[in-house]
1. Below 9 angstrom from the Cβ of LEU61, what's the summed charge of the other residues (Lys, Arg +1; Asp, Glu -1)?
2. Got a sec? Charge dipole of the chain, +1 on Cβ for Lys and Arg, -1 for Asp and Glu; which of ALA48, SER353, LEU315 is way out at the positive end?
3. Charges at C-beta only: +1 for Lys and Arg, -1 for Asp and Glu. How large is the resulting dipole of segment 3-69 about its Cα centre, in Debye rounded to 20?
4. Once the dipole of the chain is set up with Lys and Arg at +1 and Asp and Glu at -1 on Cβ about the Cα centre, which of GLY247, VAL142, VAL363 lies farthest towards its positive end?
5. If you consider only alpha-carbon coordinates, what radius of gyration and Dmax does segment 3-69 have, in Å?
6. Is the shape of segment 268-372 best called rounded, prolate or oblate, per the rule: a/c under 1.5 gives rounded, else a/b larger than b/c gives prolate, else oblate, with a ≥ b ≥ c the square roots of the Cα gyration tensor eigenvalues?
7. Mind running the shape call on segment 212-312? Use the C-alpha gyration tensor, a ≥ b ≥ c as the square roots of the eigenvalues: rounded below 1.5 for a/c, prolate if a/b tops b/c, oblate otherwise.
8. Percentage of Cα-Cα pair distances in the chain greater than 34 Å, rounded to whole percent?
Amino acid sequence: MTIGAFSKACRLSPKALRLYDELELLRPARVDSETGYRYYAPEQLEQARLVAWLRRLGMPLAEIREVRALGPADAAREIRAFWSRVEAETASRRDLASFLVDHLTRPLAGPCQSDSSTSSDPSKETTMLELRCATLSDTGRVRPANQDTAYAGARVLAVADGFGSGGAPASGAAVEAFKFLDDEPLPAGSVLNLLEDAVQGATEAVREVAGPTDEVGTTLTAMVWTGSQLALVHIGDSRAYLLRDGGLFRITHDHTVVQSMLDEGRLTPEEATVHPQRALLLKALTGGRPASPPAPAPAPDVRLHDARAGDRYLLCSDGLSAVVSEDTLKETLTTAPEPAEAVRTLVAGANASGGPDNVSCVVADVVSTTAR
Ligand code: MN
């Protein structure tokens, strides 16, 4: 078929067909060596349409090349995987967008000042929110040293799980970089910038202590209390949970190979829990492997959570979540009256299950206090 006839049949313009040829997405069956005219075979129609649809889907050219070479079942699987990556990426951008909207429309309160107060009448009681927390980190029963860092300060809650030969200094450095926020007044309009500074500081500090290898690094799951909200920063496979209204909700997404395979429908949850590579991280704060051009450091997820009186938050390293079921987490968090007891029970639970890894938890309660 001539390019004109083929173009009509597959409803792609000759211009698009020439482009696909140049991009090696769809090569003509034959090119006349004299005239340079392109000729297509009728069997190529199906493929031309597929390429056009995949372009419309926004799939990158390199991936289209791969999908095009596959049989229908494999191509379908790749398209499903591509789309779940797009959705995951969109979800993290959606979180950032709502963070920004929130940040720009609501003046943030100072420490311990609540948004639920009715402050027009000064004689009225004002409800304020406060954070009460406890933290505990333990080597576990198997590892020779503890490379986790857990921290709860005036505003900052953090768990970091270091890995590699310098894992302990890496997790320590990441958390250290957040501690300046404990002393900041966090005035309206500055929270986002301060978080950005803290993330940047943690990234650089980890690079510094980890050296020129991405074999050394740390996860980081941190929350920063603004007085009415908690800003969440998360990278790696440590986790944050929220116990609210009797339900336990995981509010972080593991940056692991296994989690992404789960998201893409390539693994069942049952398979994921016993997968040999379930600890393999997709993203973490690491040292820098020399690259040219240097790759940008992977960015943590950032979200803002409205706190409510009665909320209980748990931050933990995978040394807890890998061996203690979510049912048990929920039961412990529901029944322990104080954060200090909750962290002790959780760490003991991990050690009772063999304590195969370092285990760290921070438990924080949002409580309301009244003041005149
Ligand atoms: Mn761990």
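1. Result for the neighbourhood of LEU61: 0.
2. Checked the options; the winner is ALA48.
3. 300
4. Looking along the dipole axis, the top candidate is GLY247.
5. That works out to 11.5, 36 Å for Rg and Dmax.
6. Oblate shape, in that a/c is at least 1.5 and b/c is the bigger or equal ratio.
7. Cα axes put segment 212-312 in the oblate bin.
8. Here the tail beyond 34 Å accounts for 41 percent of pairs.
Read the figures in this text as sums done on the coordinates, not as results from a lab. The shown structure was predicted, so the numbers you read here are calculated from the model rather than taken from an experiment. Note that we place each Cβ from the backbone using ideal geometry, even for glycine, and neighbour counts take in every protein chain shown.
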